[in-house]
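These notes concern the structure reproduced below.
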Amino acid sequence: MKFAVQAVAVQAILSTALFMEAPALAVAPAAPAAATSPAHVKSVEALLGAMHIEKALRGVAARSKYQSDAQRQTVFAKIDKVPPAEIYRRLAPPLTRTISEETATEMTRFYTTPYGQQVINKKYNSGPQIMMSGVTPAVPPEEKKERKRPAYVKASKELADAGAAIDHEAFVLLQQINKEKR
């Protein structure tokens, strides 16, 4: 959400500067997008499915501000009409810029394990939890070993770093869905 606010502020500054033709503010050209393969897009789609990203989209909608409760309910009704597979299909292409194919494959593998399913379930289905300092959640021994694998460590860090981009793209998709007539 902070990223979206910052992006809007930067856009307002740039549009004001461009409107006023301020020569002191130069805008760098956008970097060319790297070509992504269909396999890369499919692997990101699979990751989004394993993560149940449609629930994160509902979370973005819940954190958004609305003028009325009726408007909020309308947005949620529109989200409910969009099949999860369509959400994955629409979110995957922009996320290929921040999530590599290797990360998508590794994290999809993790989220399809029994422990990965527990992680996803706790993320979306549990209320706020209070952890006492010094207490760590119990992780089965086989999962501790699995989570020390270099491929998992690298992929987990990359996915965590992509969190802001995932939230941003979910917000963009939410705006698109809200504008559609469904």
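Just so you know, all these numbers are worked out from the coordinates, no wet-lab data involved. Keep in mind it's a predicted model, so treat the numbers as computed, not measured. Positions of Cβ are generated from backbone atoms using ideal geometry, with glycine treated the same way; all protein chains shown enter the neighbour counts.
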Mean separation of Cα contacts under 8 Å (6+ apart) over length of the stretch 52-182, as relative contact order %: 47
Residue 133-residue 145 pseudo-label distance in nm [points 7 Å out on the Cα-to-Cβ vector]: 3.5
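Sorting 133, 37 on the 10 Å Cβ count, fewest up front, what's the list? Walk me through the numbers on the way to the answer.
Working: 133 4, 37 10.
Exposure proxy ranking, most exposed first: 133, 37.
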Cα principal axis extents for the stretch 66-182, largest first, Å: 49, 35, 22
Surface/4 estimate of mean projected area, convex hull on alpha-carbon atoms of the stretch 35-132, nm²: 8.3
